[in-house]
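Notes follow once the structure below has been shown.
What follows draws every value from the coordinates through simple rules; no lab data is involved. Nothing here was measured: the structure is a model prediction, and the numbers come from that model. No Cβ is skipped: glycine too gets one built from the backbone with ideal geometry, and neighbour counts run over all protein chains shown.
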Amino acid sequence: AKAPVNVTVTGAAGQIGYALLFRVASGQLLGPDTPVKLRLLEIPQAVKAAEGTAMELDDCAFPLLAGIDIFDDPKQAFAGANVALLVGARPRTKGMERGDLLEANGGIFKPQGEAINAGAADDIRVLVVGNPANTNALIAQANAPDVPAERFTAMTRLDHNRALSQLAHKLGVSVTEIKKMTIWGNHSATQYPDLYHAEVNGTVAADAVGDDAWLRDEFIPTVAKRGAAIIEARGASSAASAANAAIDHVFDWVNGTPEGDWTSAAVVSDGSYGVPEGLISSFPVVSRNGRYEIVQGLDLNEFSRQRIDASVAELAEERDAVRQLGLI
Ligand code: NAI
């Protein structure tokens, strides 16, 4: 049998944690042949709640779950980690400026980056879910200088999946008929879901829709503001769908993306498509041999160029702000 993979999950007692841990333990994160050991990180006040979730995990008697440990110290939680799902973050509260938000999250992601640097396994893969996800990932990455930068990613897979479903509904097709969807830029309202490269049964999605007004004035804002619409409807933010996207992101990272398709993930830019090197921005990516690689050589029309530039400018501002705060 394979050796268990250590999966560290932060924010384990939160709502995404509750939707995520059972799927990780059932084998959906890495595949049906890979046992997992869960390492849960919470703040001290939430450790008891995490213990309750661990009791329920026990009660599922998952064949692939090889152990659960709970920590309130990042150094211990990330020791030996092969996969790290950074879900816990400081939410924006009323009246909080962006600078305050970035600073509060720096207080979480800087020590976590340092702990990953100090003690994670050599093959560590990090997915940041907690918002502002791209910049939190940048903070963690910058504080883990001994870990290859490509091992730090942030989640735009939920946006990607939302875009697939919105397009499928519009055209009355199955999501399986859509390939090459892309979310570009920041996981924020400036993100750019791109229908000029997506294909529906081989036809460019924008042509299949044939309605630029819908694309620009309905599709893009619906995808970008879906999180707020969920809060409005459910009275709580997206949790099961966010957990599902985290599962998809890591599964594809480890197991590869299908031939002839790609997915979306925020990865460290190598300067592709004019995105400044070092920013953690969403791109079209394929996964090969356990690595996410940016899809190269796509032509961008004027509209796409402007939308990508606007979102990337926001990422650059966030980077400058955390640099000024001494977080990176
Ligand atoms: P939640 O508030 O239910 O849970 C967050 C948990 O993180 C809490 O249990 C809290 O105690 C814990 N936490 C806080 N600081 C921590 C630290 N330093 N170390 C370990 N744990 C810590 O929030 P929820 O709904 O689970 O969402 C978590 C994050 O995911 C939020 O930042 C949210 O904005 C983000 N999110 C991101 C999405 C994406 O597409 N990238 C989609 C949906 C949510």
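Rounded to the nearest 5, the antiparallel percentage of DSSP beta bridges internal to the chain is 45%. Each residue of segment 154-162 was assigned a 3J(HN,Hα) from its phi angle through the Karplus curve 6.51 cos²θ - 1.76 cosθ + 1.60 (θ = phi - 60°); the sequence is 10, 8, 10, 5, 5, 4, 4, 5, 4 Hz, with glycine and proline shown as x. Using every pair of distinct Cα positions in segment 183-289, the Kirkwood expression returns a hydrodynamic radius of 15.5 angstrom. Within the listed set ALA89, ALA205, ALA229, the Gaussian network model of the chain (springs between alpha-carbon atoms below 10 Å) gives the highest mean-square fluctuation for ALA229. Within the straight-line cut-off of under 19 Å between alpha carbons, the lysines reachable from LYS75 are LYS37, LYS110, sequence neighbours fewer than 8 places apart in one chain being disregarded. Take the chain, connect every pair of alpha-carbon atoms lying under 10 Å apart with a spring to form a Gaussian network, then pick out the residue of ILE308, ILE294, ILE230 with the largest mean-square fluctuation. Residue with maximal mean-square fluctuation among ILE308, ILE294, ILE230: ILE230.
Compute for segment 247-300: radius of gyration divided by Kirkwood radius, i.e. Rg/Rh, restricted to C-alpha atoms, rounded to two decimals. Ratio of gyration radius to Kirkwood radius: 0.96.
Sorted from longest to shortest, the spans of the Cα atoms of segment 13-134 along the three principal axes equal 46, 31, 23 Å. Here the chain is treated with +1 on each Lys and Arg Cβ and -1 on each Asp and Glu Cβ, and its dipole about the Cα centre works out to around 460 debye. Working from Cα pairs under 8 Å separated by at least six residues, relative contact order for segment 201-328 is 15 percent. Of the GluC sites (Glu not before Pro) in segment 229-299, the ones in a loop by DSSP (not H, G, I, E or B) with at most 15 other beta carbons within 10 Å are GLU259, GLU277. Using the Karplus relation 6.51 cos²θ - 1.76 cosθ + 1.60 with θ = phi - 60°, the per-residue 3J(HN,Hα) values for segment 18-27 come to 5, 7, 8, 4, 5, 6, 4, 5, 7, x Hz, with x marking Gly and Pro. If you model segment 101-144 as an ellipsoid using its alpha carbon gyration tensor, with each semi-axis the square root of five times an eigenvalue, the axes come out at 18, 11, 7 Å, biggest first. Across the chain, C-alpha contacts under 8 Å between residues 6 or more apart give a mean separation that, scaled by the residue count, equals a relative contact order of 17 percent.
Computed about the Cα centre, the dipole magnitude for segment 155-229 is approximately 320 debye when only Lys and Arg (+1) and Asp and Glu (-1) carry charge, each at its Cβ. Across every direction, the projection of the convex hull enclosing the Cα atoms of the chain has a mean area of 16.4 nm².
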